[in-house]
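Here the structure comes first, spelled out in structure tokens, and everything after it is commentary.
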Amino acid sequence: MENEEKNQPFNLLLMYCVTHIEDFLTRIIYTSATTIDNIFIDTAHLEIYLVILFSNVLSDHDAQILTIKISFQIRSDKLKIVREVGKCIIMDFIYK
């Protein structure tokens, strides 16, 4: 039962394509080690990512660094530049 309850949040997020991506042990104290930082991303839209563990010598808690490669294209046929022309701009044009 404990594992089922523990996995409920993960399963809920998975329904929306949000996935837990790493299981680094980020907090290590004497005889115990836990993952207290979790990273969840939408893997349907982010295909290229890298997670590395960053050891912090000043603390008992290590960090994770997430790098995401994002690529997008602007379609020029959909891009429209509009200049807003109001009464003040028209009056300034007539004056000048």
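Computed from the coordinates by the stated procedures, all read-outs in this text should not be read as laboratory data. Predicted model only: the values in this text are computed from it and were never measured. Using ideal geometry, Cβ is built from the backbone for each residue, glycine included, and neighbour counts are taken over all protein chains shown.
Numbers at a glance
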{"quantity": "Computed magnitude of the charge dipole of the chain (debye, nearest 20; Cβ of K, R +1, Cβ of D, E -1)", "calculated": "980"}
{"quantity": "Neighbour count of at most 12 Cβ within 10 Å plus DSSP loop: longest chymotrypsin sites (Phe, Trp or Tyr not before Pro)-free window in the chain", "calculated": "31-71"}
{"quantity": "Compactness relative to 2.2 N^0.38 Å, alpha carbon Rg of the chain", "calculated": "1.98"}
{"quantity": "Taking MET91, MET15 and counting other C-beta atoms within 10 Å, the order from fewest to most", "calculated": "MET15, MET91"}
{"quantity": "Likely footprinting exposure, HIS45, HIS61, fewest C-beta neighbours within 10 Å first", "calculated": "HIS45, HIS61"}
